Each structure stands twice: as C-alpha cells, then as structure tokens.
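**Student:** Please find one structure pasted underneath; my questions will follow.
Derivation of every value follows stated rules applied to the coordinates shown; laboratory data play no part. The shown structure was predicted, so the numbers you read here are calculated from the model rather than taken from an experiment. We place every Cβ from the backbone using ideal geometry, glycine too, and count neighbours over all the protein chains shown.
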Amino acid sequence: MNRNSPIGIFDSGVGGTSIWKEIHQLLPNEKTIYLADSKNAPYGLKPVSEIINFSKKNTEKLLEMGAKIIVVACNTATTNAISILRDTYRIPFIGIEPAIKPAALQSKNKAVGILATRGTLTSQLFHKASEFYSKDINIIEVEGYGLVELIEAGKSDSAEMRQLLLHLLKPMLDQNIDYLVLGCSHYPYLIPMLKKILPPNLSVIDSGEAVARQTKAILEQNDLFTLPLNDIPQPEFFSNTSPKVLAELIAAAKNNYKVSFCDF
Ligand code: DGL
C-alpha cells in the first residue's frame, strides 16, 4: 500500500455511488475502486453476524485490490460492523451514519424524521445518537422497507416508488417534521422524487458531503494524498451481479468509467 494506491469504497449495492460522487468531486486526483455487493443486498434485513461477514469479505477484496483506506459507504454496515473492521484490519476506515445531529440542531419545529434500514435503526450506535437527541426533539424513525430493492432494480423514479414513499413518510408528515434525514446511502437517489412529493419548506439531508470531507481529513492525517500524476486516474466499479443499474447511475454522473462484473 502506498500513497498512489486507490481509495476503496463498498456498499451492499449501488447506493454507495452517491457517496463515491461526493468523494470523487472533492478528491478528483485520487484513484477510487467501488464494490457493489448487490448479490447480498439488502443488508438492512440481515442478522448482524451476516452484516459483519459481508463487511469483512468486501474489505478483504478491496485490500487484495490494493486499497490504502476504506470507505464503508453503507450506514447499515457502518453502524453494525465498523468497530470490528477497525479492530481486525490495520487500515483507516471511514464510515457513514445518519446525519441526525445537524438535523436536530437546525429543526425549528423540533421534529425530525429519520428514514433508514432496519439494520441501522436497531444498531446500538444509532440508538445512542437517537436517544441523545430525543431529549429535546421529536425523532420519528421509519424503516425504509422495500426502498433499497426498488433502487437496486433501477426503479427510483417509478409509480411504485412514489406510492411506497408516500406511505412511509406519512407518519413523519403527520408529526410536522421540517427535516428528513436520509439514513441510507441508497436514498439520495430518491431526492428527485422526494422533491415532487414533500412540502417545499421541508429540508432533506444526507451524509455524503461529510463523508467526503472526512475522507480528505483521514488522507491528510495519514499522509496518504496521492502524488500528482500526468493522467487523472480512472475510477473502477465492480458489481457481483449484473452491473447494469450500477453503470446507469455512473453514466448519469456524465462519466464513462469502467463498470464490470466481479465475483466476490
Ligand atoms: N446502502 C445501505 C445503507 O446505507 C444499505 C442498504 C441495504 O442493503 O439494506 O444502509
């Protein structure tokens, strides 16, 4: 591993590309390798022991590919497995968690909705944060049941998705939230649909930019910024199912990067 090695990024599927985009925008000279474990998605309904095993498997594949640091671009894997990853591997890990703090601090209505997977909502890490902010704020947690499956199937903009979101968000809207926290890296792909169905004064926040800033800080602290190269490195993306939806999401970012199948 050296400073010109890639940043490794993994998620249970295509959703973590929303985090990859923020990292690539902030650190365009860094090479990135992205693993979409779509074969095992959704992680959010799996037992903790399986989430840990998938996270280790993905980490080992990225280490084999030479990653210098690893971004766990999945709230479910972060909240259930990152402390074990940090104890097991001698490489810096950056995780992602629902942005409950900024939402709670900025909410004027004192009512914040959190949309996340069951795995995230039931994790100890999330529970602690939620309990802390619940002292002053009405925190309405809703499991995004079925959302990841539709996004993985390329149906983020479908009538089915619209119906499901209207149903899931109703308890939050009934309690007059003014902040909606997207606590799953797949959900930023729902923002165009959310804009159509949510009241305009409701703010939607996710953690993508914060993760990119943290990635930059960790590279700096470990003296791991890549040395300037003549050619800007091309990001690489791997899926362990058909890479069609992954390729579509990357193409929508107006890039023509390499997206391949890989068995991991
Ligand atoms: N994208 C993931 C997250 O941030 C996990 C979704 C899932 O596989 O359930 O939680």
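**Student:** Sort 58-68, 100-110, 127-137, 11-21 by packing, meaning the average of other beta carbons within 10 Å per residue, with the highest value first. Don't jump to the answer; show the numbers that get you there.
**Tutor:** Values: 58-68: 19.1, 100-110: 16.5, 127-137: 14.2, 11-21: 27.5.
By packing density, highest mean first, the sequence is 11-21, 58-68, 100-110, 127-137.
**Student:** Here is a follow-up. Mean separation of Cα pairs under 8 Å and 6+ residues apart, divided by the residue count of the stretch 170-217: what relative contact order is that in percent?
**Tutor:** RCO, the stretch 170-217: 47 percent.
**Student:** Classify the stretch 83-202 from the C-alpha gyration tensor, please: rounded if a/c falls under 1.5, else prolate or oblate depending on whether a/b exceeds b/c.
**Tutor:** Numbers: a/c = 2.14, a/b = 1.20, b/c = 1.79.
It comes out oblate by the Cα gyration axes.
**Student:** Moving to a separate point now. Given just the C-alpha atoms of the stretch 1-102, how large is their convex hull per residue in cubic angstrom?
**Tutor:** 101 Å³
**Student:** Straight-line reach from LYS196: which lysines fall under 29 Å, measuring Cα to Cα and dropping same-chain residues less than 8 apart?
**Tutor:** Cross-link targets: LYS21, LYS101, LYS108, LYS110, LYS155, LYS170, LYS244, LYS254.
**Student:** Compactness ratio of the stretch 124-264: Cα Rg over 2.2 N^0.38 Å, N = residue count?
**Tutor:** Compactness ratio reported: 1.29.
**Student:** Between GLN163 and GLN124, what is 0.36 nm times their sequence separation minus the Cα-Cα distance? Round to one decimal in nm. Numbers along the way, then the final one.
**Tutor:** Numbers: separation 39, 0.36 × 39 = 14.04 nm, distance 3.08 nm.
Length gained between GLN163 and GLN124: 11.0 nm.
**Student:** Moving on to the next point. If we sort 76-84, 37-45, 154-162 on the protection proxy, mean other Cβ atoms within 10 Å, highest first, what's the order?
**Tutor:** Per-residue mean Cβ counts within 10 Å order the peptides as 76-84, 37-45, 154-162.
**Student:** Spin-label point model (7 Å from Cα, Cβ direction): what's the LYS216 to ASN201 distance in nm?
**Tutor:** About 3.4 nm, to one decimal.
**Student:** What nm value, rounded to one decimal, do you get for the distance between ALA153 and TYR89 when each label is placed 7 Å out toward the C-beta?
**Tutor:** 3.2 nm
**Student:** Could I ask something else about it? Where the centre of each part is set by its Cα atoms, how far does the stretch 11-28 sit from the stretch 89-164, in angstrom?
**Tutor:** 18 Å
**Student:** Please give the FRET efficiency for PHE261 paired with LEU105, using the beta carbon to beta carbon distance and R0 = 35 Å, rounded to the nearest 0.05. Intermediate values should be presented prior to the final figure.
**Tutor:** Details: r = 43 Å, r/R0 = 1.24.
Calculated value: 0.20.
**Student:** Right, another one. If you take all C-alpha pairs in the stretch 31-153, what percent of them are over 18 Å apart?
**Tutor:** The share of Cα pairs beyond 18 Å in the stretch 31-153 comes to 55 percent.
**Student:** May I ask you to derive the FRET efficiency for SER134 and ASN2 from their Cβ-Cβ distance with R0 = 51 Å, giving the value to the nearest 0.05?
**Tutor:** After rounding, the FRET efficiency stands at 0.70.
**Student:** Could you pull out every one of the aspartates and glutamates with an alpha carbon less than 15 Å from that of LYS258, ignoring same-chain neighbours closer than 8 positions?
**Tutor:** Within reach: GLU236, GLU248.
**Student:** Any idea what the relative contact order of the stretch 94-215 is, in percent, if you count C-alpha pairs under 8 Å spaced at least 6 apart?
**Tutor:** Relative contact order comes out at 37 percent.
**Student:** Using r as the Cβ-Cβ distance of PHE225 and GLN175, and R0 as 51 Å, what FRET efficiency do you calculate, to the nearest 0.05?
**Tutor:** 0.70
**Student:** So for the pair SER49, LEU26, with labels modelled 7 Å out along Cα→Cβ, what separation do we get in nm?
**Tutor:** 3.6 nm
**Student:** Please compute the contact order of the chain in relative form: average sequence separation of alpha-carbon pairs under 8 Å and at least six residues apart, divided by the residue count, as a percent.
**Tutor:** 27 percent
**Student:** I would also like to ask the following. Which semi-axis lengths, in whole Å and largest first, follow from the square roots of five times the eigenvalues of the Cα gyration tensor of the chain?
**Tutor:** Semi-axes (√(5λ), whole Å): 30, 20, 18.
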